[in-house]
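What follows is one structure encoded as structure tokens, with my remarks underneath.
Where a number appears in this text, it was derived from the coordinates with a stated rule and is not lab data. What you see is a predicted model; the values in this text were computed from it and never measured. Cβ coordinates were reconstructed from backbone atoms using ideal geometry, including for glycine residues, and neighbour counts include every protein chain displayed.
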Amino acid sequence: MTLALTTLTSSAKPPSPGPADFDLPGIFGTDVTKPMVLVVLSGVLIVGLFYMLARPAAVVPGRAQFAGELVYGFVRNGIARENIGSKEFQRFVPYLFTIFLFVLVNNFYGLIPFLQFPSMSHIGYPLGIAALTWVVYNGAGIAKKGFFGYLKHETVPGGMKGPILLLLVPLEFLSNIILRPITLTLRLFATMFAGHMLLILFSLGGEYLLLHSHNKLALPAGIISALLAIAISFLEILIMFLQAYVFTLLSSMYIGEALADEH
């Protein structure tokens, strides 16, 4: 593929995807960009959809209500209860359910025709919800243990004493208090950014090779590039779901650890 792209003889300039493709201009001459609109749209879609799904509230649910309850039960029982514990998990379910759907919908935008842009590939959005998770799990821990009790819980490993604490306490503080929102942000952002970049690369590359190049290798390379774009699209479906799941799972684990009786 690289050889074919570098040996093209067509006078047309080949596409060069890069980070600039994520810097979208404002819509209709305003400062409002496409990702901003998509983020707001995701909130409207999620609230509207689950309002319609929950509205019947039938004892024997129909297909739509059953689908909504299935997603809710997945987050409630498979994520929140498993990682926070049966005593305290319920009050965190609305938050975890919301961020799971929010991340999932904004990820899937990358595969929807005409939208085709995952909002989470802009670092500001994963950073925002990671910061919110940081506030939630630290706030929950402080509310239960008090400020200094929670700080000890997060920085002093159980059973450890002596001079070794001079090394462990700063490392635990850095890991549990400082780095968690950063790793949450980078994991989601980097995956969405890289996946969308690959789709741009193979889609535009395939189009250029098939329609604009006269090189002998252009036809087979273009077909391969187009097929790879399709294959990556299907792979992205799985990755987009997994990233929403992992983000929610880690958030629940951090909350559970903050509330745990032992470090």
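Computed quantities for the displayed model
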{"quantity": "Between helix 218-259 and the chain: long-axis angle, C-alpha atoms, 0 to 90°, nearest 10", "calculated": "10 degrees"}
{"quantity": "Residue order, fewest to most surrounding Cβ atoms within 10 angstrom, among Glu207, Glu236", "calculated": "Glu207, Glu236"}
{"quantity": "Relative counts (whole %) of C-alpha pair distances in region 110-153, using bins that are 10 Å wide", "calculated": "26, 27, 22, 15, 10, 1"}
{"quantity": "Cα-derived Rg to Rh of region 203-250, Kirkwood definition", "calculated": "1.29"}
{"quantity": "Highest average packing first - 60-69, 112-121, Cβ atoms within 10 Å", "calculated": "112-121, 60-69"}
{"quantity": "C-alpha center-to-center spacing [region 37-95, region 214-244] in angstrom", "calculated": "33 Å"}
{"quantity": "If the convex hull is drawn through the Cα atoms of region 171-223, its volume per residue in Å³", "calculated": "84 Å³"}
{"quantity": "Per residue Cα convex hull volume in Å³ - calculated over the chain", "calculated": "183 Å³"}
{"quantity": "222 nm mean residue ellipticity, helices alone, for the chain (DSSP H n ≥ 4; -39,500 (n - 2.57); rounded to 500)", "calculated": "-22000 deg cm²/dmol"}
{"quantity": "Region 135-220, Rg to Rh (Cα coordinates; Rh as Kirkwood inverse mean 1/r)", "calculated": "1.44"}
{"quantity": "Estimated inter-spin distance, Ala190 and Phe234, nm [label 7 Å along Cα→Cβ]", "calculated": "2.8 nm"}
{"quantity": "Region 50-115, dipole about Cα centre (Lys/Arg Cβ +1, Asp/Glu Cβ -1), debye to the nearest 20", "calculated": "120 debye"}
{"quantity": "Cα Rg, Dmax (largest Cα-Cα span) when computed across region 40-79, Å", "calculated": "10.9, 33"}
{"quantity": "Once the Cα gyration tensor of region 77-224 is diagonalised, semi-axes √(5λ) in Å", "calculated": "45, 20, 12"}
{"quantity": "Residues Ser252, Ser213, sorted so that the one with the fewest Cβ neighbours within 10 Å comes first", "calculated": "Ser213, Ser252"}
{"quantity": "Lys, Arg +1 and Asp, Glu -1 on Cβ, resulting dipole of the chain about Cα centre, debye, nearest 20", "calculated": "300 debye"}
